[in-house]
Protein chains: 2
Amino acid sequence: MAERRPTVRDVARAAGVSAMSVSRVLNGQPGVGPETARRIEEVVKALGFRPNKLATTLRRRRGMSLLGMVVPYPYTPLFTALTVEVDELVRDEGLIVVTGSSDRDVDQERALVGAFIERGFDGILLFSEDADHRYLKPELDSGRPVIFLGSPPVGVEASTVLVDNRGGTRDAVEHLLRHGHRRIGIVTSLDMFPAAERLAGYKETLAREGVGDDPSLIRIGPITPEFGQEAARSLLEQDDPATAIFSTNYLLTRGILGAIRAHGRPVALIAFDDFEAASLVDPPITVVTQDLPAMGRHAAEMLLSQLAGVGERERPARVVVPAHLVPRGSGELPPTS
Amino acid sequence: MAERRPTVRDVARAAGVSAMSVSRVLNGQPGVGPETARRIEEVVKALGFRPNKLATTLRRRRGMSLLGMVVPYPYTPLFTALTVEVDELVRDEGLIVVTGSSDRDVDQERALVGAFIERGFDGILLFSEDADHRYLKPELDSGRPVIFLGSPPVGVEASTVLVDNRGGTRDAVEHLLRHGHRRIGIVTSLDMFPAAERLAGYKETLAREGVGDDPSLIRIGPITPEFGQEAARSLLEQDDPATAIFSTNYLLTRGILGAIRAHGRPVALIAFDDFEAASLVDPPITVVTQDLPAMGRHAAEMLLSQLAGVGERERPARVVVPAHLVPRGSGELPPTS
DNA sequence: TCGAGCAACGTTACCGTTAACGGTCGGTCT
DNA sequence: AGACCGACCGTTAACGGTAACGTTGCTCGA
């Protein structure tokens, strides 16, 4: 019952040396004779000694070997793919990646970030929906890596990996134009940086192509399937309806799919962000995907580089990864109304 | 640059008291006069002091306030729903839930569990695919809660939340029989406890209903979409083919859906585990769902109860939550061949 | 008036590890 | 021979917080 785990002192006593020699052997430091080292290693094995990471981290002021990823909603394929990618790249350094969800709640997001910091996490990957990150300034100054993913930090400087939201949107809109559409509806929200960027890309592209944006084709609301459904329904049923829909978010897309099905006739659709069901439904959904492996690679690189250069704070980096159009069927439908 | 965060001692000095009084105020312990407490609280706020959880945990020997969930593959809806449920139930206790994936690798699973333990996680939620858990005995003896989800521990005793795999399978098979099927194929694997249970339930039910199981209707292989696809294809194209398919796992289901589509004609299908695309495809997929909120509730209860009764080890509990058949269309198709 | 009792603190020590520093000892160089 | 060196190892004191225990001073009853 409730046995204590052995400590360096226990090992030291059993081996007839000081705790310091044990520590040296464990960390591969010089200054211990081969015979002594051998004896210590034997005792370590015999007692099943494992160093206490809390104590080590407390003493060394770093080294929990934990990376925390904060995502706004529970683990969609998007975040998952990224986590997996980062995980593979940092595993060699002995780093563990864990994920927590803020559930789209800013307070919860801050609480989670704070929890990670308090607990000595070595770095944080942050898909933030917060509109102010100044509370992170002390941490950033202290040199702890916080990498922003998807949207840039507000009020502080930090390394960031963004997606080419405008470019991806431009490709989608041009794709629809090329297939004969002139009335392209967009369903989006404004409270997230990516969504706002995508709306901007939509307007830009239509303007550049001489189509002009019609307010009656724009639906802005909460990021929920319910809003997506209602928005798509009204786009399709209004006077002078949309012949194609561009969705800026997966949750909206889910609602839009329901509306299109209820509508009866197929409607052209391009959705930002790939999702598993996209190729299972009929017709398969044309999507704009973010280059997640690239995002993960950059994020991992930034993290490792900042962890290596302890103390001295690096100049924050910022990269933008491309977004790719993946034609699958739904985006190639001609106008029908 | 690289400023240190304030410590209790800094606070104490600034407030003109001892570190211990600060500690008492922070933990709501008695023994500090109201005026002194007020002054301390002011200084705490002014310095932005936040206690160092590592130091606290090291001293108190518990209290990282972290729960780790280990899942075999990255965050499918199944695990996600459970995490969310647990998260809500333990949040009041100040506990944070994070998730890590073993990526279906037993070594990785053990490494992750070990990492959580070393880092002072207060409890572990384990969706294990390991065939031996004796390595956890010391931890269980020490009183740290490890809750097994989905499959029971092997070689040790620990609290467990299981799903009624046999019951759910029975409902599915009976459902298909009721719709006129006599040749019901099953696609499954054996290396996981739930899959084995589901196969057993399948055989049991067929036997009880006087149909008898035909080896040519059983496909056992790795849990991958590729195998699912190949298995379904052969089930549908062999002599005396299956008229209905029962899938025991989501990854298999994905492959099976592809095979059915390639097959051309609709085929009755019931899949274990719900998934998002299930209601988006045509026809919508009839599934057997696990009662995840109930699982989460039980798991959280077990955890909290074990955390409350520190030291003394509780008798391991075991509960089985029901599985429900959700008819959506694909399971109600009649035999066609 | 003494001291029992308690509130309000401070001191010490410890959690487990390691950085910084010191000491010892055998050997080399001049 | 004495100075000097480096390899090996131990001692001390942190890291940040708090349990356990002391200390102080005050109140209040006998």
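The values are calculated or read from the model by the stated rules, or taken from the named source; none is laboratory data. Note that the coordinates shown come from a computational prediction; the quantities given were computed from them, not determined experimentally. Using ideal geometry, Cβ is built from the backbone for each residue, glycine included, and neighbour counts are taken over all protein chains shown.
Out of the range A:256-283, which residues are in contact (Cβ under 8 Å) with a residue 60 or more places away in the chain and touching a strand residue (DSSP E or B) at 6+ places or on another chain (Cβ under 8 Å)?
Once the filter is applied, which keeps residues that are in contact (Cβ under 8 Å) with a residue 60 or more places away in the chain and touching a strand residue (DSSP E or B) at 6+ places or on another chain (Cβ under 8 Å), the range A:256-283 yields A:ILE256, A:VAL267, A:ALA268, A:LEU269, A:ILE270, A:PHE272, A:ASP273, A:ASP274, A:PHE275.
Over 21 Å from A:GLU118 (Cβ atoms), assigned to a helix (DSSP H, G or I), away from every other protein chain (no Cβ under 14 Å) and within 16 Å of DNA strand D (Cβ to nearest atom) - does that describe any residue in the range A:44-58?
Yes, the range A:44-58 contains a residue that is over 21 Å from A:GLU118 (Cβ atoms), assigned to a helix (DSSP H, G or I), away from every other protein chain (no Cβ under 14 Å) and within 16 Å of DNA strand D (Cβ to nearest atom).
Let's see how each residue does on (1) under 23 Å from the mean Cα position of the chain (by Cα); (2) modelled with pLDDT of 95 or more; (3) in a strand (DSSP E or B); (4) within 22 Å of B:TYR73 (Cα to Cα):
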residue	(1), (2), (3), (4)
B:PHE246	yes, yes, yes, yes
B:LEU251	yes, no, no, yes
B:ILE256	no, yes, no, yes
B:ALA262	no, no, no, no
B:LEU269	no, yes, yes, no
B:ASP282	no, no, no, no
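Taking the conditions exactly as written (on the phi < 0 side of the Ramachandran plot, more than 13 Å from chain A (Cβ to nearest Cβ), out of contact with any Ser or Thr (no Cβ under 9 Å at 6 or more places or on another chain) and surrounded by fewer than 19 Cβ atoms within 10 Å (Cβ to Cβ)), does B:GLY114 satisfy them or not?
When the stated conditions are applied, B:GLY114 does not pass them.
Determine the pairs where a residue that is away from chain B (no Cβ under 14 Å) and over 17 Å from A:ARG59 (Cβ atoms), located within the range A:24-37, has a partner that is within 11 Å of DNA strand C (Cβ to nearest atom) and not aliphatic (A, V, I, L, M) with Cβ atoms under 7 Å apart, the partner being 6 or more residues away or on another chain.
A:GLY31/A:ARG24; A:VAL32/A:SER21; A:VAL32/A:ARG24; A:THR36/A:SER21
Please count how many residues of the range B:256-272 are buried (at least 24 other Cβ atoms within 10 Å of the Cβ) and away from every other protein chain (no Cβ under 13 Å).
4
What are the residues in the range A:32-73 that are more than 41 Å from the chain's Cα centre (by Cα) and of a type in the set (Lys, Arg), if any?
A:ARG38, A:ARG39
When you scan the range B:79-106, how many residues do you find that are in a helix (DSSP H, G or I) and within 11 Å of chain A (Cβ to nearest Cβ)?
Count: 10.
When you look at B:ARG315, is it free of Cβ contacts under 8 Å to residues at least 12 places away in the same chain, within 28 Å of B:GLU93 (Cα to Cα) and of a type outside the set (Gly, Ala, Ser), yes or no?
When the stated conditions are applied, B:ARG315 passes them.
Restricting to the range A:1-42, name every residue that is within 24 Å of B:LEU140 (Cα to Cα) and either more than 8 Å from DNA strand C (Cβ to nearest atom) or outside any helix (DSSP H, G or I) (or both).
Answer for the range A:1-42, where residues must be within 24 Å of B:LEU140 (Cα to Cα) and either more than 8 Å from DNA strand C (Cβ to nearest atom) or outside any helix (DSSP H, G or I) (or both): A:MET1, A:ALA2, A:GLU3, A:ARG4, A:ARG5, A:PRO6, A:THR7.
Go through the range A:130-160 and report how many residues are within 14 Å of another protein chain (Cβ to nearest Cβ) and farther than 18 Å from A:LEU112 by Cα.
Residues meeting the conditions: 4.
When you look at A:ARG315, is it under 20 Å from A:GLY150 (Cα atoms) and surrounded by fewer than 21 Cβ atoms within 10 Å (Cβ to Cβ), yes or no?
Against the criterion (under 20 Å from A:GLY150 (Cα atoms) and surrounded by fewer than 21 Cβ atoms within 10 Å (Cβ to Cβ)), A:ARG315 qualifies.
Can you tell me which residue among B:GLU226, B:GLU209, B:GLU174 is charged (D, E, K, R) and at pLDDT below 95?
Result: B:GLU209 is the single residue among B:GLU226, B:GLU209, B:GLU174 that is charged (D, E, K, R) and at pLDDT below 95.
How many of the residues in the range B:132-182 are among the small types (Gly, Ala, Ser) and farther than 20 Å from B:PHE79 by Cβ?
Qualifying residue count for the region: 6.
Taking the range B:25-37 as the region of interest, how many residues are surrounded by 15 or more Cβ atoms within 10 Å (Cβ to Cβ) and within 8 Å of DNA strand D (Cβ to nearest atom)?
Residues flagged as surrounded by 15 or more Cβ atoms within 10 Å (Cβ to Cβ) and within 8 Å of DNA strand D (Cβ to nearest atom) within the range B:25-37 amount to 1.
Let's see how each residue does on (1) more than 14 Å from chain B (Cβ to nearest Cβ); (2) out of contact with any Ser or Thr (no Cβ under 7 Å at 6 or more places or on another chain); (3) more than 24 Å from A:ARG318 (Cα to Cα):
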| site | (1), (2), (3) |
| --- | --- |
| A:ASP122 | no, no, no |
| A:LEU162 | yes, yes, no |
| A:ARG182 | yes, yes, yes |
| A:THR188 | yes, no, yes |
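Filter the range B:176-229 for residues that are in a helix (DSSP H, G or I), within 29 Å of the chain's Cα centre (by Cα) and polar (S, T, N, Q) and give the result.
Residues satisfying the conditions are B:THR205, B:GLN229.
Go through the range A:62-111 and give me each residue that's aromatic (Phe, Trp, Tyr) and surrounded by 23 or more Cβ atoms within 10 Å (Cβ to Cβ).
Selection gives A:TYR75, A:PHE79.
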